[in-house]
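Here the structure is laid out as structure tokens; the discussion comes afterwards.
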Amino acid sequence: MTIIKREDLIQSIHDSLQFISYYHPEDYIKNLTAAYEREESKAAKDAMAQILINSRMCAEGRRPICQDTGIVTVFVEIGTSVQFEDGFDVTQAINEGVAKAYTDPDNILRASVLADPMGKRINTKNNTPAVIHYDLVPGDKIEVHVAAKGGGSEAKSKFAMLNPSDSVVDWVLKMVPEMGAGWCPPGILGIGIGGTAEEAMLMAKKSLMEPIDIQDLIAKGAKTRAEEVRLELYDKVNALGIGAQGLGGLTTVLDIKILECPTHAANLPVAMIPNCAATRHVHFTLDGNGPAVLTPPNLDIWPKITNDSSAGKKVNLETITKEEIATWKPGDTLLLSGKILTGRDAAHKRMIDMLNKGEKLPVDFTNRFIYYVGPVDPINDEVVGPAGPTTATRMDKFTRQILESTGLIGMIGKSERGDIAIEAIKDNKAVYLMAVGGAAYLVSKAIKASKVLAFEDLGMEAIYEFTVENMPVTVAVDTLGQSVHKTEPVKWQAKIGKIPVITK
């Protein structure tokens, strides 16, 4: 009989969440490096370079890969010969480990979990509760998989109850373009097939805990129908030409994972969950001999890539004019210096409510840029913690009123903009710039000063003013409403030439 101590479980959960906040899995780095080396799209290659540089910086500095440090998911397999010391509450202990990890003063992680989701949406302050799944299995150990899943990729999860005769491949190829780039490709797609609706979703999430091995599968060949579908989808999803960050290119996914189980004769449930460029998961075992021991990756696996801070057109935000931004073209690389404002979902909702009531906003947005970000709290001598962009499409419904009511001329975020936002940008001769999702620590190094200007009660969703120096961004939507996320994937899909290009 194995006795598991409460403190060993708490410490192991804490250590795991700290570990995955700054260490990518080795398999992810090796496969992303290989994709970087074969990429032909300059924009996609630059995006992958930023992700790889950021990843090494985080591994060395032990700070979060992404400002969205995720919602915690834990899969626990409990051996039937295991006993818990004094019969302690396992769920409570896991959540205590989560709270300890997210409030660790040596590496504070952003608390993103909100209670009362349909009402006041109050931050729980320590990222609890975790989402926990238990299984009883034969044995005398506990096997634990810990993951921290970002909201941007989780938001792109898909489910369908297909007819038994429908093609899973066709459904996936229809869904992936609809997901856009908000899930921060290149990443992994986890697919669950069979069972019931909830079982398919659970299998999709579980599959993301497995190592990346698609290149090994390509080399040895498929032996099962599931392996055949993995290979077919890996080839065809990459042939869509979406590319890193949706900028067009050869690699959209690094692997396709599939788990399946028997299902009802009338059903074909299929779930798909993407894992983003901030892939974060780790496995550990507890056998009664103390907390888990986690081995850091070898820093030699990271490629020798340097960040060229001079590669791009320098922009002085203190003297920016509408005439100047009208000269920018989609795909241009800019280096921003000066003062930018920040604001995301909660701040936008509050500003819209104030405008609708005829109230004056607490900040003047005239000829300013707003950065969609919710930064991690700083530690030691940091000006701000990791501060990468959040998904811009969530602000689409606010865009027209904000542009037309405030004098704002530019926005910065990640991924594409929807049609309603693009039309508003075009009508107001504004621009949308894209920063790389998954490069939060790298971006934070361009921020030289930070202060809260308004809505301090919103925490990381408050309106800050950042002073930036050579902050790298890409022009994603210009003043004419031309979007790189619409044009470049089509070009690369045609260039790859494996899938007929569908134009609207």
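For the stretch 88-177, the Kirkwood estimate of hydrodynamic radius, built from reciprocal distances between every pair of different alpha carbons, is 16.8 Å.
Under the rule a/c < 1.5 gives rounded, and otherwise a/b versus b/c splits prolate from oblate, where does the stretch 174-313 land using the Cα gyration tensor? In terms of gyration-tensor shape, oblate. Oblate is the label for the stretch 130-210, because a/c, from the alpha-carbon gyration tensor with a ≥ b ≥ c as root eigenvalues, is 1.5 or above and a/b does not exceed b/c. Partners of residue 141 within straight-line reach, counting lysines whose Cα lies under 19 Å from its Cα and excluding those fewer than 8 residues away in the same chain: 5. Below 9 angstrom from the Cβ of residue 57, what's the summed charge of the other residues (Lys, Arg +1; Asp, Glu -1)? It works out to a net charge of +2. The stretch 13-155 has equivalent-ellipsoid semi-axes of 31, 20, 14 Å, by the square roots of 5 times the alpha carbon gyration tensor eigenvalues, sorted largest first. Restricting attention to the stretch 301-393, lysine pairs at least eight places apart or on different chains and with alpha-carbon atoms under 28 angstrom apart total 16.
Atom-type composition of the exposed protein surface of the stretch 138-274 places 55 percent of the accessible area on carbon and sulfur (1.4 angstrom probe).
Roll a 1.4 angstrom probe over the protein heavy atoms and tell me the percent of accessible area of the stretch 389-491 that is carbon or sulfur. So the carbon and sulfur contribution to the accessible surface is 48 percent.
Have a look at the DSSP beta bridges in the chain and tell me what percent are antiparallel, nearest 5. The answer is about 60 percent antiparallel.
Once you reduce the stretch 348-394 and the stretch 314-338 to the center of their Cα atoms, the two points are 20 Å from each other. Projecting label points 7 angstrom from Cα along Cα→Cβ for residue 136 and residue 329 puts them 6.7 nm apart. The stretch between residue 38 and residue 287, if pulled fully straight at 0.36 nm per residue, gains 85.4 nm over its current Cα-Cα span.
Highest-first packing order for the peptide set 406-418, 21-33 is 406-418, 21-33, based on the mean count of other beta carbon atoms within 10 Å. Evaluated over the Cα positions of the stretch 172-214, the convex hull gives a direction-averaged projected area, one quarter of its surface, of 3.7 nm².
Annotation: extensible slack from residue 162 through residue 319 equals 51.0 nm (criterion: 0.36 nm per residue apart, minus Cα-Cα distance). Helices in the chain that qualify as membrane-span-like (whole DSSP H runs, Cα extent of at least 20 Å along the helix axis, mean Kyte-Doolittle hydropathy of 0.0 or higher) are 42-61. Per residue, the solvent-accessible area of the chain (1.4 Å probe, heavy atoms of protein chains only, all protein chains present) comes to 42 Å². Here the peptides 181-190, 338-347, 360-369 are ranked by packing, the mean other Cβ count within 10 Å, and the order with the highest first is 181-190, 338-347, 360-369. Straight-distance candidates among the aspartates and glutamates for linking to residue 426, with alpha-carbon spacing under 18 Å and chain neighbours fewer than 8 residues away dropped: 323, 324, 332, 396, 404, 416, 478. Across all C-alpha atoms in the stretch 366-467, the radius of gyration and Dmax reach 13.9, 44 Å. Evaluated at q = 0.08, 0.10 Å⁻¹, the base-10 log of the normalised Debye intensity for the chain, with identical point scatterers placed on the Cα atoms, takes the values -0.50, -0.78. Cross-link partners for residue 448 among the aspartates and glutamates, with Cα-Cα distance under 14 Å and sequence neighbours closer than 8 places in the same chain left out: 381, 382, 465, 469. On the beta carbon distance between residue 198 and residue 352, with R0 = 35 Å, the FRET formula returns roughly 0.50.
The values are calculated or read from the model by the stated rules, or taken from the named source; none is laboratory data. Just so you know, these numbers come straight off a predicted model, no measurement behind them. In this analysis, Cβ positions are derived from the backbone assuming ideal geometry, glycine residues included, and neighbour counts consider all displayed protein chains. Protein only, heavy atoms only, side chains kept; ligands, DNA and RNA dropped before computing areas. Shrake-Rupley method; radii C 1.70, N 1.55, O 1.52, S 1.80 Å.
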